[in-house]
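First up is the structure itself, then whatever we jot down about it.
The values are calculated or read from the model by the stated rules, or taken from the named source; none is laboratory data. Source: prediction; values computed, not measured. Positions of Cβ are backbone-derived with ideal geometry, glycine not excepted, and every protein chain shown enters the neighbour counts.
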There are 2 protein chains.
Amino acid sequence: MSRKSAGKPPTETSDSKSARTRERILDAAAHVLSRRGYAGTRLSDVADQAQIQAPAIYYYFSSREVLIEEVMWVGVARLREHVAEALDALPADTTPMERIDAAVEEHLRYQLAISDFATAAIRNAGQVPEDIRTRQLSEEGKYGDIWRALIQDAQKAGELRADLEPRAARMLVLGALNWTTEWWNPRQGSLDVVVRTARSLVRNGLGAPAVQEEGATPPSGTSRTRRAATTTGRTA
Amino acid sequence: MSRKSAGKPPTETSDSKSARTRERILDAAAHVLSRRGYAGTRLSDVADQAQIQAPAIYYYFSSREVLIEEVMWVGVARLREHVAEALDALPADTTPMERIDAAVEEHLRYQLAISDFATAAIRNAGQVPEDIRTRQLSEEGKYGDIWRALIQDAQKAGELRADLEPRAARMLVLGALNWTTEWWNPRQGSLDVVVRTARSLVRNGLGAPAVQEEGATPPSGTSRTRRAATTTGRTA
DNA sequence: GTCTATACTGTGATAGAC
DNA sequence: GTCTATCACAGTATAGAC
């Protein structure tokens, strides 16, 4: 909310050519930022990637810093919105552990879909200047809150193993998920396999052994697992 | 192995003043590299941190790139050596899952102890130039091999849950561990708690439920857990 | 071994044409 | 809206004093 773009940026959220160019610059910046890092991100490279000339960037973003900050922000904010919506769409009687299961899947699929933004935000979190970092931390905090609640609910329901410290458990799980951008590659193994393994790892890592309800969340098949646990019950 | 340092670097591995200065520069470079990133690492900042003047760096390292590459290399290599030695010290009858348990603990404790080097290697893995990256990947591969073997052994022994894809499981676990440098802070919760939570998470996440052998690896107490599973059996 | 002084290169940002 | 031209500055690397 309240991106502090310069003074002239064209009618935001419109679908004009201008808005599309702006989005192209943002995509290009995410691409460069994720591979070259904060200090290594040159506007000339962003411009090349976006197929415009460097000075044109200043028409849409008031400075290099503002552009980079928006990329980092988008990386976390879109992920949070996506996961939050998916969780809201779950039926009311979904158990805490099933909700965690769904969050793992949605986080992974979305993060790997917008991997340039996610990777940019992840890799550069600790390398940006203080002022960007402060605002970024508050955005990351919002996403962390979602997971804090998920785990707290599981704990209250007695579904969380007792020897786990909630904060450490949460960060370890998020670490496992975030790290996927560093090694997963669409050409090297299917996404479904990663999702299935991650769900299993997290569910069994956090939860008390077994006690599987009927039909709820079977050990999952292979590919069509997708929205098994998340949207299935929508009609129920 | 075979660091390609310039032409004059003083009698390596000696404990001369020269060798100590070299180590100070390396530490300083790790410090700066982990917070500023590859492109943002300025030799003047490294020099400030090491309490020398910038040009003095060139007496010990032939170029900025060589210095940075050595930092990245040290980050992974020392971790690998540490974990490998700890695993070798385990008694011969240690079960595969107990070995994984020990590896988790050793990885965490060592990584967080040399966090500047580890963080530098982790954050910049995807941002360094192609040639450094290539050599770095081979070093990371060696460490990955250790974990590949650990998980393969567990699989052969039937201790690994069947719905886990070995490679994905390995990378997810390593991600959870690596990511700790991003959030763990000595002043914010004890290391023992993190280690205990991580061990529990991984053991239950990877392994078949329960089937706890007598006395082997109890759910662990609180702090003195340290070398419980790792060195205990040294005499056995 | 370490410092002072300096050459050289590359990049962020702006002014102003089209 | 986008480009050409240009400025100012930061940072690597080296030569050479001590």
Legend entry - Cβ-Cβ under 6 Å pairs, at least 6 apart or on other chains, the range A:125-138 side more than 10 Å from chain B (Cβ to nearest Cβ), far side of a type in the set (S, T, N, Q): none
Inset, instruction - Say whether the condition of being buried (at least 16 other Cβ atoms within 10 Å of the Cβ), within 23 Å of the chain's Cα centre (by Cα) and within 12 Å of DNA strand D (Cβ to nearest atom) is met by at least one residue in the range B:42-53. - result: yes
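Being over 19 Å from the mean Cα position of the chain (by Cα) and in contact (Cβ under 8 Å) with a residue 40 or more places away in the chain narrows it down to one residue among A:K142, A:K156; which is it?
Details: A:K142 fails: over 19 Å from the mean Cα position of the chain (by Cα).
Step by step, each of A:K142, A:K156 is checked, and only A:K156 is over 19 Å from the mean Cα position of the chain (by Cα) and in contact (Cβ under 8 Å) with a residue 40 or more places away in the chain.
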Legend entry - Which numbered condition A:W147 misses (of (1) more than 13 Å from chain B (Cβ to nearest Cβ); (2) modelled with pLDDT of 95 or more): (1)
Legend entry - Meets criteria (away from DNA strand C (no atom under 16 Å from the Cβ), among the aliphatic types (A, V, I, L, M) and closer than 26 Å to A:A19 by Cα) for A:L108: no
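Kindly evaluate A:L79 against the criterion of being among the hydrophobic types (A, V, I, L, M, F, W, C), within 13 Å of DNA strand C (Cβ to nearest atom) and either at pLDDT 90 or above or under 20 Å from A:V128 (Cα atoms) (or both).
Details: among the hydrophobic types (A, V, I, L, M, F, W, C): yes; within 13 Å of DNA strand C (Cβ to nearest atom): no; either at pLDDT 90 or above or under 20 Å from A:V128 (Cα atoms) (or both): yes.
Spelling it out, it is not the case that A:L79 is among the hydrophobic types (A, V, I, L, M, F, W, C), within 13 Å of DNA strand C (Cβ to nearest atom) and either at pLDDT 90 or above or under 20 Å from A:V128 (Cα atoms) (or both).
Can you tell me which residue in the range A:50-75 is farthest from the other protein chains (Cβ to nearest Cβ), limited to those that are in contact (Cβ under 8 Å) with a residue 60 or more places away in the chain and within 9 Å of DNA strand C (Cβ to nearest atom)?
First pass over the range A:50-75, keeping only residues in contact (Cβ under 8 Å) with a residue 60 or more places away in the chain: A:65-66, A:68-70, A:72-73.
When the remaining residues are screened for being within 9 Å of DNA strand C (Cβ to nearest atom), the result is A:65-66.
Details: A:E65: 14, A:V66: 18 Å.
Looking at residues that are in contact (Cβ under 8 Å) with a residue 60 or more places away in the chain and within 9 Å of DNA strand C (Cβ to nearest atom), I get A:V66.
Suppose we filter the range B:23-34 for residues that are within 14 Å of another protein chain (Cβ to nearest Cβ) and either in contact (Cβ under 8 Å) with a residue 24 or more places away in the chain or among the polar types (S, T, N, Q) (or both); how many remain?
Keep residues of the range B:23-34 that are within 14 Å of another protein chain (Cβ to nearest Cβ), which gives B:30-34.
Filter once more, keeping what is either in contact (Cβ under 8 Å) with a residue 24 or more places away in the chain or among the polar types (S, T, N, Q) (or both): B:30-31, B:33-34.
So the answer is 4.
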Legend entry - Exclusive hit being within 9 Å of chain B (Cβ to nearest Cβ), at pLDDT 95 or above and over 16 Å from the mean Cα position of the chain (by Cα), set A:L172, A:L177, A:L201: A:L201
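Taking the condition of being in contact with an Asp or Glu (Cβ under 9 Å, 6 or more places away or on another chain) and at pLDDT 95 or above, how many residues in the range A:182-198 meet it? If you could, list the steps in order and put the result at the bottom.
Applying the first criterion (in contact with an Asp or Glu (Cβ under 9 Å, 6 or more places away or on another chain)) to the range A:182-198 yields A:189, A:193-198.
After this cut, where a residue has to be at pLDDT 95 or above as well, the list is A:193-198.
The number of residues fulfilling the criteria is 6.
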